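Just so you know, all these numbers are worked out from the coordinates, no wet-lab data involved. Bear in mind the structure is a predicted one, so any value in this text is a computation, not a measurement. Note that each Cβ is placed from the backbone with ideal geometry, even for glycine, and that neighbours are counted across all protein chains shown.
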Amino acid sequence: MTAREKTIWAAVLFGLSLSSYAAYQQFKLPPVMPRLLDLYAYEKLLAGGFMSVYAFVGLLLSFAIGRLVDGQGVRRALTLALLVSLAGNLLILAWPSDGLVVLIGRGLEGIAFAACALVGQMLATRYASARHMPLIAGAMASWVPIGQLVAIVTAQPALRYGDWHWLWYMALALTVVLYIWMLTLERRRPGLLPGPRHSSHVDEGAPLAQMEIASLVLVSAIFLLWSGQYFAYMTWLPQFLVEAMGLSFDNAMLGYALPVVTLIVFNAVTGSLLKAGVPLPPLFLGGLLLQALCWWTLPWIGADWTGVLSLIIYGATAGVVPTVLWALPALLVGQMRASGNAFGIIMTGRNVGVLVGPMLLPWLLARSGDWQGAAPTFGTIVIVAFGLGLLVVMLMRRNRERAAR
């Protein structure tokens, strides 16, 4: 099917907001992690599990959620997801001192995360025109840092007054706002949100071929490796800045915000460059190499200009790489065929990385004895992702050559 000629901004904005809400739910934890560890003395491995459980439930349910969205429709799937999110947040607010209860609550939040992130990406991709697709791909790659940034801003007054609960109160309020927004969209634009029989009366092309599925699995593997190191970095960065760099909580929050803001800027820059016709391979592969360099040089940085430069470079490259990764499903299989099932494959790889990364770092810390000793492992992980990225670039080039014949 041909690409869409006109962008439906109402759907794109709702998709971006939905995904960013999902990211806020997950990343409301790291800014207050040092305070929670002080208050409730969680084991670090268990605390890493508070992030990784999102990926665990996503890994188990991504394909099922993709089929649920395609089979039951967006409204039913999102209503269920938002209710589950409310339950998870309320559970943590009720029993924050019980690590197991917090883990269960975070798992419920993770179920909602998987659904909201998948639907958000699907809606933005479906309703973007060919003209705006690169820019929207850049914007949609910002969903995680946007959620992080909202969490950081919310955490500042919460930490100042010593009350981490406000981040969870914000999550409850956003859940209600999104539900009302969804109902408003349904009332004002009937049929905008795909319903349970959507795929049966809209031509979305042939089912995915085996080669297309294989290409999506390859992208999923890259996402696994990349998201693993990214979520390890962002989960434990505040604690690293406090423990290894000797910063105060307030200064650690500023250091945590620096790569997040840089990331958002470079999401937009990358989308603009792709729209202007800049080749995808050098952006993608160059970003991976620079990110690996940040990990390999971590033992030599300090709480000075070297640390600031490392945070900026990491944030910039973390803006480039996911912009390309989120755009790849539409490039590999076609815009209208990048459905719930296609994004389910991508999200599965991402979820495995999110599951492993935040727990791998504290395990490496226990073995190496310091933060710098864990860095080379993650540098190697990014290099492996670079190698798989070369295969994707070769596959895309071969597809273009076949299409030109």
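Assigning unit charges at the beta carbon (Lys, Arg +1; Asp, Glu -1) and nothing else, what dipole magnitude in debye, to the nearest 20, does the chain show about its Cα centre?
On the way: 25 positive and 16 negative charges, 284 e Å.
The calculation lands at about 1360 debye.
Give, rounded to the nearest 20 debye, the magnitude of the charge dipole that the range 61-176 has about its Cα centre when Lys and Arg contribute +1 at Cβ and Asp and Glu contribute -1 at Cβ.
400 debye
With the cut-off at 30 Å, report for the chain the share of all Cα pairs above it, as a whole percent.
When all Cα pairs of the chain are counted, 37 percent exceed 30 Å.
Please go through the range 98-178 and write out the trypsin sites (Lys or Arg not before Pro) that DSSP classes as loop and that have at most 14 other C-beta atoms within 10 Å.
Answer in residue order: 131.
With n ≥ 4 as the cut-off for DSSP H runs, can you work out [θ] at 222 nm for the chain, using -39500 (n - 2.57) per run divided by the number of residues, rounded to the nearest 500?
So the calculated ellipticity at 222 nm is -28500 deg cm²/dmol.
Give, in nm to one decimal, the length gained when the segment between residue 46 and residue 60 is fully stretched (0.36 nm per residue of separation minus the Cα-Cα distance).
Working it through step by step, the gained length comes to 3.1 nm.
Once label points are set 7 Å from the Cα along Cα→Cβ at both residue 6 and residue 172, what is their separation, rounded to one decimal in nm?
Rounded to a tenth, the inter-label distance reads 4.2 nm.
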